[in-house]
1. Please go through the range 213-259 and give me each residue that is modelled with pLDDT of 90 or more, of a type outside the set (A, V, I, L, M) and under 21 Å from Phe39 (Cβ atoms), ordered by number.
2. May I ask you to say which residue of Phe90, Phe36, Phe63 is surrounded by 17 or more Cβ atoms within 10 Å (Cβ to Cβ) and on the phi < 0 side of the Ramachandran plot?
3. Do the conditions hold for Gly168, that is, is it assigned to a helix (DSSP H, G or I), touching a Leu at 6+ places or on another chain (Cβ under 7 Å), among the small types (Gly, Ala, Ser) and at pLDDT below 90?
4. Conditions: (1) buried (at least 23 other Cβ atoms within 10 Å of the Cβ); (2) without any contact (Cβ under 8 Å) to a residue 40 or more places away in the chain. Val172 meets all but one. Number of the miss?
5. Name the residue, out of Phe227, Phe200, Phe190, that is more than 30 Å from Ser8 (Cβ to Cβ), within 15 Å of the chain's Cα centre (by Cα) and not in a loop (DSSP other than H, G, I, E, B).
6. Quick test of your reading of the structure: Thr142 fulfils all but one of (1) closer than 23 Å to Ile96 by Cα; (2) assigned to a helix (DSSP H, G or I); (3) modelled with pLDDT under 90. Name the failing condition by number.
7. For the range 1-49, which positions are of a type in the set (Asp, Glu) and either modelled with pLDDT of 80 or more or outside any loop (DSSP other than H, G, I, E, B) (or both)?
8. Taking the stated definitions as given, is Gly163 crowded, with 19+ Cβ neighbours inside 10 Å and assigned to a loop (DSSP other than H, G, I, E, B)?
Amino acid sequence: MEDQSIISALVLGLIEGLTEFIPVSSTAHVLLAGYFLGFESPGNTFAVLIQLGAILAILSVYFTKLLGIALSLPSSPESRRFVMAVLIGFLPAAVIGALAHDFIKTVLFETPMLICVVLILGGIVLLWIDRLPLTPKYTDVTQYPLSLALKIGFCQCVAMIPGTSRSGATIVGALLLGADKRSAAEFSFFLAMPTMAGAFALDLYKNRDALSFDDGAIIAIGFVAAFFTALLVVRSLLDFVSKRGYAPFAWWRIAIGSIGLVALLMGR
């Protein structure tokens, strides 16, 4: 295992944790950074597998709430409905992701130019959404109707295009469907748990024969870095978007996408 690979894995893990739960597309950032660092991963698994660190960060932050929901399932219709809403929201990504997995990993993940363009377009959409005079109908994530959860789940599927952002797609969808900024971000957190865990399991299974011991060690480094940085983001994001909205993330997307495009064009 080379020192350069260790440093690259650490940097990419930090990027993953910092960007996973904000609407800037962690996959785009990790793939673009890996491209310019010359970092290669069998089957492009690294960007997906280190997301487990971010999943554990959510679980640790929301552990008490999740435990309370789990313990109250037998007696609380509200808890059962909330769990059902998350599972229903996860369903579209589970089906479409499994069917389109190979195309996503072998075509879309290998197209840096597409990623940069989608980053910019997504930033423009976020700016537009942030300035719309929306009147929220849903402010409590545990009270989302099942039909709303399903619609947000379909919105999440757009994020299978690298550069879109899973959190960005779910948040934009939730906002347009009547959620407020804070609960939209929080539902994105909860929806991330089964979605990212499913993507992790599918990617690990698909590439089980291509991964070596050194690959596992590199992934572990990225995983740990992603965990600690994601902790910081999850603990501060809800308050940030309640006060500042999503415009700062929109401008960040546009800047990174533009820089990436210029770098790619200059490198040709």
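The values are calculated or read from the model by the stated rules, or taken from the named source; none is laboratory data. Keep in mind the model is a prediction, meaning the values are calculated, not measured. So basically every Cβ, Gly included, is an ideal-geometry build from the backbone, and we count neighbours across all protein chains shown.
1. If the condition is that a residue be modelled with pLDDT of 90 or more, of a type outside the set (A, V, I, L, M) and under 21 Å from Phe39 (Cβ atoms), then Phe227, Phe228, Thr229, Gly257 are the ones that fit.
2. Values: Phe36 fails: surrounded by 17 or more Cβ atoms within 10 Å (Cβ to Cβ); Phe63 fails: surrounded by 17 or more Cβ atoms within 10 Å (Cβ to Cβ).
The conditions single out Phe90.
3. On the way: assigned to a helix (DSSP H, G or I): yes; touching a Leu at 6+ places or on another chain (Cβ under 7 Å): yes; among the small types (Gly, Ala, Ser): yes; at pLDDT below 90: yes.
Taking the combined requirement at face value, the residue satisfies it.
4. With (1) buried (at least 23 other Cβ atoms within 10 Å of the Cβ); (2) without any contact (Cβ under 8 Å) to a residue 40 or more places away in the chain applied to Val172, the lone miss is (2).
5. Among Phe227, Phe200, Phe190, only Phe190 is more than 30 Å from Ser8 (Cβ to Cβ), within 15 Å of the chain's Cα centre (by Cα) and not in a loop (DSSP other than H, G, I, E, B).
6. Here Thr142 meets the rest and fails (1).
7. First, the residues of the range 1-49 that are of a type in the set (Asp, Glu): 2-3, 16, 20, 40.
Hits for the range 1-49 are Asp3, Glu16, Glu20.
8. Working: crowded, with 19+ Cβ neighbours inside 10 Å: yes; assigned to a loop (DSSP other than H, G, I, E, B): yes.
So Gly163 fits the description; yes.
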